[in-house]
Amino acid sequence: MAQTILGWREWISLPDLGISGIKAKIDTGARSSSLHAIDIQTITVDGEQWVEFKVQPLQHQTDAPLHCRAPIKDYRQVTDSGGHRSMRYVIETTINIGSEQFTAEVTLADRSQMMFRMLLGRTAMKNRYTVDPGRSYCASQKPPRATGTI
């Protein structure tokens, strides 16, 4: 079966988190995927550790942030592209790109100074996609804006 081709950036959705659209950088140089998250708090739900956080899906968005929560899968050290190490919460969530859906691990980090609020790393793409770095939005298009989402 032929793999779907992704461009270096794609629109994706994270339905488990209520995020109907977020522009992601498709980064084969990054091992893990990362989602912009602020005000990260841990909580206990039915005896399990969860994380609550806020997301502004669009850069320069002034609307109220989306409030998200998910079970914590791990808390691990991650090295960013500048070589800086930090501890990050890891969640597992559903990712939609175009008509395809899969589950992947995503780390939570403040990406407010980055151009993309989401980075899709090679572990999530392995055996699913081929990336064409010269193209954009091969498998997706910008979702329509709806109340309370983007």
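The values are calculated or read from the model by the stated rules, or taken from the named source; none is laboratory data. Because the structure is predicted, anything quoted here is derived from the model rather than measured. Note: ideal-geometry Cβ built from the backbone for every residue, glycine included; neighbour counts use all protein chains shown.
Quick look at the values:
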| item | result |
| --- | --- |
| Flag if M125 is touching a strand residue (DSSP E or B) at 6+ places or on another chain (Cβ under 9 Å) and in contact (Cβ under 8 Å) with a residue 24 or more places away in the chain | yes |
| Strands (runs of 3 or more DSSP E) contained in segment 1-103 and holding at least 3 residues touching a residue at least 24 places away in the same chain (Cβ under 8 Å) and under 30 Å from G134 (Cβ atoms) | 4-7, 9-14, 19-27, 33-36, 85-97 |
| The one condition in (1) of a type outside the set (K, R); (2) closer than 18 Å to K23 by Cβ; (3) modelled with pLDDT under 95; (4) assigned to a strand (DSSP E or B) that P143 fails to fulfil | (4) |
| Filter result for N127 (of a type in the set (S, T, N, Q) and within 13 Å of the chain's Cα centre (by Cα)) | no |
| Leading residue by the ranking (surrounded by the fewest Cβ atoms within 10 Å (Cβ to Cβ)) among those in segment 30-75 that are modelled with pLDDT of 90 or more and hydroxyl-bearing (S, T, Y) | T44 |
| Given (1) modelled with pLDDT under 95; (2) surrounded by fewer than 20 Cβ atoms within 10 Å (Cβ to Cβ); (3) closer than 19 Å to S140 by Cα, index of the condition M1 fails | (3) |
